[in-house]
Amino acid sequence: MAAGDTVTELDKKESIVVYLNTGNLDANGKPIINRATVNGVNPQAQEQDKYDFAYTLAGLTSKTVDAVDVRTNTSLGPIS
């Protein structure tokens, strides 16, 4: 296969990244943020469910949610 050949989506994977504010500041006075990543998220899941999951996960810690990202990786092919 080469540039211009018909491409297909081989696989789609998602992950949720939850950014957690530790409540502490670094030497420059900026909040210290930890990151928790959950791989293998169902791409068909509703965005609200992903968001709610992030807050449920954060509820297991003493930290507060600073941000939530959903990352999608799509494999394209064929590759020969």
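The values are calculated or read from the model by the stated rules, or taken from the named source; none is laboratory data. Values in this document were obtained by computation on a predicted structure and should not be read as measured data. Cβ: placed from backbone, ideal geometry, glycine included. Neighbour counts: every protein chain shown.
Structure notes:
- Total residues in the range 19-57, condition surrounded by 12 or more Cβ atoms within 10 Å (Cβ to Cβ) and of a type in the set (Lys, Arg): 1
- Residue list for the range 1-46, filter: among the β-branched types (Val, Ile, Thr) and either touching a residue at least 60 places away in the same chain (Cβ under 8 Å) or in contact with a strand residue (DSSP E or B) (Cβ under 6 Å, 6 or more places away or on another chain) (or both): VAL7, THR8, ILE16, VAL17, VAL18, THR22, ILE32, ILE33, THR37, VAL38, VAL41
- Test: residue in the range 7-15 that is at pLDDT 95 or above and more than 16 Å from THR61 (Cα to Cα): yes
- All positions within the range 21-72 that are under 13 Å from the mean Cα position of the chain (by Cα), hydrophobic (A, V, I, L, M, F, W, C) and part of a strand (DSSP E or B): ALA36, VAL38, VAL41, ALA67, VAL68, VAL70
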